[in-house]
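Participant: Please see the structure below; I have some questions.
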Amino acid sequence: MEPPSGPSRRRCVPWKRLLLAVSLLTFWPLLTTAQLTIEVVPPLAAEGSDVLLLAHNMTENLLGYTWYTGERVENSQLIASYRVDINVTTTGPAHSGRETLYPNGTLLIQHVTQKDTGSYTLLITKDDLQTERQTGHLHVHPVLPTPVITSNNSSPWEHEDTVVLTCGPETQNTSYIWWINNQSLPNSTRLELSEDKRTLTVFNVTRNDTGPYVCEARNPVSVRRSDPFTLNVLYPVARPSLQASNTTVTEHEGPVVLTCLTNETGVSIRWFFEGQSLLLTRGMTLSLDNSTLTIDPVSRKDAGDYQCEVSNRGNSSKSDPLRLHVKYKPTPESSSDLSAGAIVGIVIGAVAGVGLIAALVYFLYIRETRRATDQRDLTEHKSSDHNHSQGHSDSSPEKVNEIEYSSLNFNAQELKKKATSASPSPTHTETIYSEVKKHPQSSSLSTPPTLDSGTSSIQPGVGPVHAIRNYYSFRSSKFSSQRGTQQTAGTMEPPSGPSRRRCVPWKRLLLAASLFTFWTPPTTARLTIETVPPLAAEGSDVLLLAHTVTENLLGYAWHTGERVENSRLIASYRIATNVTTKGPAHSGRETIYPNGTLLIQHVTQKDTGSYTLLITRDDLQTERQTGHLHVHPVLPTPVITSNNSSPWEHKDTVVLTCGPETQNTSYMWWINSQSLPNSTRLELSEDKRTLTVFNVTRNDTGPYVCEARNPVSVRRSDPFTLNVLYPVARPSLQASNTTVTEHEGPVVLTCLTNETGVSIRWFFQGQSLLLTRGMTLSLDNSTLTIDPVSRKDAGDYQCEVSNRGNSSKSDPLRLHVKYKPTPESSSDLSAGDIVGIVIGAVAGVVLIAALVYFLYIRETRRATDQRDFTEHKSSDHNHSQGHSDSSPEKVNEVEYSSLNFNAQELKRKATSASPSPTHTETIYSEVKKP
C-alpha cells in the first residue's frame, strides 16, 4: 500500500495542440517581424520517448531548412536538410536514423536517449539566400527504476545500535522522500537525513522504530516508490508471569486454565512441563497465540511444574514454575491406583502371561518345524507308503483329507489349551503328526494360504503367521494406493491483479494529421476517418482525422450524424480562400483545419455519435465518409454502502453495493487485498455491483474494496470494514493472591478473555469500580493492580467485557484482607472483642430486668400490707385499751417491728403461692396485744 501523501501519477500530456500548431504553420499568416523560436515538445523528455523540435514564427519565401547538432553550423554536425521548392530531404553525417525532418521545418527524434541531451540549431535559408538561425535545447531524463532500501544492520539491538537506511540506486537529478508508517518523517533528534536525502540514519533504535519505511525517488519525468522495509529490532524480553485458575484440582474435573502474562508484543510463547518442552496430551488445548493452556479434564499425569517462555528474535525469558496439584482417590475402576498386593498380582500375572506367550511361540515353532519335516519325509517315502496304503479300506483320498483336516483344523479352545502347556508332550505331538505320515496324499499343505473370516479355526495349509502377514500386506498396499491418490492434489495461485492503463502516444497519430497537407496519396486510396484518441474521456479533446484525401479539392464540410443536411452542418472550409463557415450544429467547441481535420474540445457524452465528412473536388464531384465518436465518462471514486451497519454474527446477511451506478462500467471486489474467494456465503449480482455476504462471521469484517472501470478510467473505493456484532464469552477473573495482609502487596487481578476488540470494565461489590489510592489499571484495562492493600479493598471483584453487541461479566472473586487492631484504631475490633461486648450487653439487660421485677413485687406487697393494716386498726385499738402496754408509743414500736421485714424474709414470703392463714394471724396478733 502506498502512503496517502504520495503525489498523483503523471497524466498523458495533450501534445495534439502543439502538434496541430505545426500542421497550421503553412497556412498561418505570420508577421515578418516575428522572431524565430524553437520549442521542445515535450519540454521534459523521458528516455525512450519521441521528441519534436518545433519551429515557430518562420518567415515566408523560404528556400529550405537545415538542422545541426550543437550550437555551431558545421557540415560535420549536419543532421538533415530540406528543399521546399523540390520537396527533397538530404541526411548528413550527424543523422542517426532516428531523425525525421518534415516540410514545415519540424524535426522529430524518436526513442531519445540521454546521449541526445544537448543543443540543436535550425538554419533557415530564404529565396534571396539570406539566412536566419535559432538554437533549441533538449534535456533527456532517465526513467527511474524502482528504488530499494538497504540497511547496515539487519537485526539492531534496542537502545544500543544505530541503523543507516539507504535508498538506491543513486541517479542524477533525482530527489528522495521518506515515509515511516505511511507518514512523513517526524521531527526527532534520533532521525537524520543526509544532504541528498538518500540516507536516513536512526540513532539508538527502539522497538517503535520498526517501520515500515518507504522511500520515493523522483525526477521530472518519473516517480518510483520502494517496497516497504521493516526493521527487526531486538530487545530483551521481560520475564513473564504464570497464573492458574486453580492450582489444586480433583482428578477428572476441570477445567484448569494456565495463562502466560506478558506485556511484550510480537513475541512467541512456548510451554514447559517438568523442565521439558510440553507435549500436548489428550485434554490439553492451547489458544491461538499460545498464551493460554487449558486442561479439561485433569489427569494425575498433569500434576507437576509448569512454565511458559516468551521469546523474540533477540532472546527469551521463562516464568517461575507453577505447580499444579491433582487430588485423586483410588477406585476399583482406576487401574493405575493399585495397592501393594494388587501390584504384586499384576507382576505375577505379567510373568505368567509372558510364559504363556513364550509357550505359544514355542508350540508354533515346533509345529511348523514338524510340518516341514513331515512334508519332506512324505515326499521321500511317497512310493512305499502308497503301496502300503492300498491294503487298507480307510486309505481312500477322501479319508486322507478327512484325517489331515482333523489333525490340522484345531479350534480356538484346543489351540489355547495346547499353547498353555509349558512343554508339549512329545508323545502327543508325534501322535498328531503320525496321522499325516500315514497319508502321503496330504498335498493340500502346499495350497495357497487363505484366511477364513467366518470361523476362528485355522484352515489347512495356513499358518497363523502367514495368514496375518498376507492380510496386512493387502491392507498396506491398499492404503499406499489411496495415499498416492491423495497426494496428486495441486495448488491454486491467486489471480493476478489488473494491469494499469498506460499513456497512449497520440503524438504520432496527431503528427500524421499535420503531414496530410504535404502527403500525396494514390488516387485509388479510399477516404477513411480516424478518431484520436479512439477511446475518448469526457472533458478531453478529440480529433477526427481524414486519411487518404484526394487532390484537386475545392473544400471540406463536416456534419453530425450519417446524413448530409444543412441543419446538421458543423462547419465548412474553402481551400482556395482559406475561409471557414460555421453551421447550425456548431457548438463553439469545434475547429476545422485546412487538412480536413475536425477538432472537438471538451467533449461530453452528448457528443457521442456519428460524424460525416463531405469532400468536394474541383469538378464539383463529392465523396463522403462517416466516423464514430464514443465518449466515456470519467468515473467518480466509488463508495461502498451496506444495508446493515451492525450485523449479528451467524444471523444477518449483509448486502454491499458499489455506487454510483454508471453505464458501460465493470466492477471488481477485493477482500483483505485479495480477490473474492470461492465461498457459498459470497454471492455477486449479475452486474458485479452488489456483493451479498450470507450469515456473516467476525472473519468477514473486511476491509472490502470495490473497483469501477470503463475504457478510459479506473477508480477504487476507500476500504470499507463491517462492524460484526457477536455474543461475548464470559471472562474469567484471576488474582495473584486472594488473601493478603493489610499494607502489603501488590495484588494483581487479571481479566482473562479470548475475545478481541472488546472493552473491559471493573466492578467492586456490584458497583462500578472507583479507583482509589493504590489502584492502577493497565492500558487495555485487563489488569487491576492494588499496591498497597487496605482493609477497604476487601470484597467481591468482577470484570465485564463488552463490544458493540453485548457484554458479559465474570464470576465474583473475593479478596480477603487480614489486619491487626492497634491502640490508635479504637473502631477496629477483633472477633473476640465483638463477642465479649455482645455477651456483656445481654447480661446487663438480664440484670436490669431482674431488678425491675424485684422492685415491682416489693411495691405490690407493701401496698397490700398497708391496706390490711388499715382495715384492722380500729378493732385492734379497742382491744388494746384494756392493757397497760397499749400506749401509742408501744403500738407504733410493735407495728414497726412487725412490718420492717428484711429483704430475705420478704422474698421468701413472696415466693409462697398462698401464705398460711395461721401464720398471718400470728403476725397481726402481735399488733393486737396491748
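The values are calculated or read from the model by the stated rules, or taken from the named source; none is laboratory data. Since this is a predicted model, take the numbers as computed values, not measurements. Cβ atoms come from the backbone with ideal geometry, glycine included; neighbour counts cover every protein chain shown. For accessibility, only protein heavy atoms count, side chains too; no ligands or nucleic acids. Shrake-Rupley method; radii C 1.70, N 1.55, O 1.52, S 1.80 Å.
Participant: Per 5 Å bin, what percent of the C-alpha pairs of segment 102-163 does each bin hold, from zero upward?
Facilitator: 3, 11, 13, 12, 9, 8, 7, 6, 6, 6, 5, 4, 4, 3, 2, 1, 0
Participant: So, one more: So what does Lys318 come to for accessible area, using a 1.4 Å probe and Å² rounded to 10?
Facilitator: 70
Participant: Once you put a point 7 Å from the Cα of Gln765 and another 7 Å from the Cα of Ile343, both along the Cβ direction, what distance in nm separates them?
Facilitator: Between Gln765 and Ile343, the simple spin-label model gives 5.5 nm.
Participant: Could you sort 67-73, 284-290 so that the peptide with the highest average Cβ count within 10 Å comes first and the rest follow in order?
Facilitator: On the way: 67-73: 17.6, 284-290: 13.3.
Going from most to least packed, we get 67-73, 284-290.
Participant: If we sort 529-535, 152-158 on the protection proxy, mean other Cβ atoms within 10 Å, highest first, what's the order? Working shown, then result.
Facilitator: Details: 529-535: 17.1, 152-158: 14.9.
Averaged packing, sorted descending, gives the order 529-535, 152-158.
Participant: Return the subset of Lys327/Lys820; Lys329/Lys809; Lys318/Lys792; Lys329/Lys818; Lys582/Lys606 for which the Cα-Cα distance in this structure is over 30 Å, preserving the input order. Mind showing how you got there, number by number?
Facilitator: On the way: Lys327/Lys820 34 Å; Lys329/Lys809 35 Å; Lys318/Lys792 35 Å; Lys329/Lys818 34 Å; Lys582/Lys606 20 Å.
Result: Lys327/Lys820; Lys329/Lys809; Lys318/Lys792; Lys329/Lys818 exceed 30 Å.
Participant: If the label point is 7 Å along Cα→Cβ of Ala576, which residues in segment 594-619 have backbone nitrogen under 14 Å from it?
Facilitator: Answer for this model: 616-619.
Participant: Would you mind checking segment 580-610 for residues with the amide N under 18 Å from a putative spin-label position 7 Å along Cα→C-beta of Ser567?
Facilitator: 583-587, 610, by backbone N distance to the label point.
Participant: Here's another thing I want to ask about it. Let's test this: bin the Cα-Cα distances of segment 729-770 at 5 Å from zero up to the farthest pair and state each bin's percent.
Facilitator: Pairs per bin, as whole percents: 5, 16, 22, 25, 20, 6, 4, 1.
Participant: Additional query: Using a 7 Å offset from the Cα along the Cα-to-Cβ direction at both Glu71 and Gln172, what is the distance between the two label points in nm, to one decimal?
Facilitator: Simple spin-label model gives 1.8 nm for this pair.
Participant: What list of ³J(HN,Hα) values in whole Hz, one per residue of segment 258-267 in order, does the Karplus curve 6.51 cos²θ - 1.76 cosθ + 1.60 (θ = phi - 60°) give from phi, with Gly and Pro shown as x?
Facilitator: Values, residue by residue: 9, 10, 8, 9, 8, 8, 6, 10, x, 10 Hz.
Participant: At a probe size of 1.4 Å, how large is the accessible area of His628, to the nearest 10 Å²?
Facilitator: Result for His628: roughly 110 Å² accessible.
Participant: Next question, about the same structure. Suppose R0 equals 56 Å. What FRET efficiency, 1/(1 + (r/R0)^6) with r the Cβ-Cβ distance, do Arg861 and Ile837 give to the nearest 0.05? Please report the intermediate quantities before stating the final value.
Facilitator: Values: r = 37 Å, r/R0 = 0.66.
Taking R0 as 56 Å, the efficiency between Arg861 and Ile837 is 0.90.
Participant: Direction-averaged shadow area of the convex hull around the Cα atoms of segment 692-800, nm²? Mind showing how you got there, number by number?
Facilitator: On the way: hull surface 40.4 nm².
Taking a quarter of the hull surface, the average projection is 10.1 nm².
Participant: Can you work out the accessible area per residue across segment 724-773, with the rest of the protein chains kept in place, probe 1.4 Å, in square angstrom? Mind showing how you got there, number by number?
Facilitator: Details: 2820 Å² over 50 residues.
Value returned for segment 724-773: 56 Å² of accessible area per residue.
Participant: Probe of 1.4 angstrom, ligands and nucleic acids ignored: what's the accessible area per residue over segment 581-678, in square angstrom? Before the final figure, lay out the partial values.
Facilitator: Details: 5100 Å² over 98 residues.
The answer is 52 Å² per residue.
Participant: Computing the accessible area with a 1.4 Å probe over protein heavy atoms, can you report the carbon and sulfur percentage for segment 528-625?
Facilitator: Details: 2200 of 4580 Å².
That share works out to 48 percent.
Participant: With every protein chain present, what is the per residue accessible area of segment 69-171 (1.4 Å probe, Å²)? Write out the running numbers ahead of the final one.
Facilitator: Numbers: 5360 Å² over 103 residues.
Ligands and nucleic acids excluded, the figure is 52 Å² per residue.
Participant: Share of segment 640-698's accessible area from carbon and sulfur, percent, 1.4 Å? Let's see the in-between values first.
Facilitator: Numbers: 1560 of 3460 Å².
That fraction is 45 percent.
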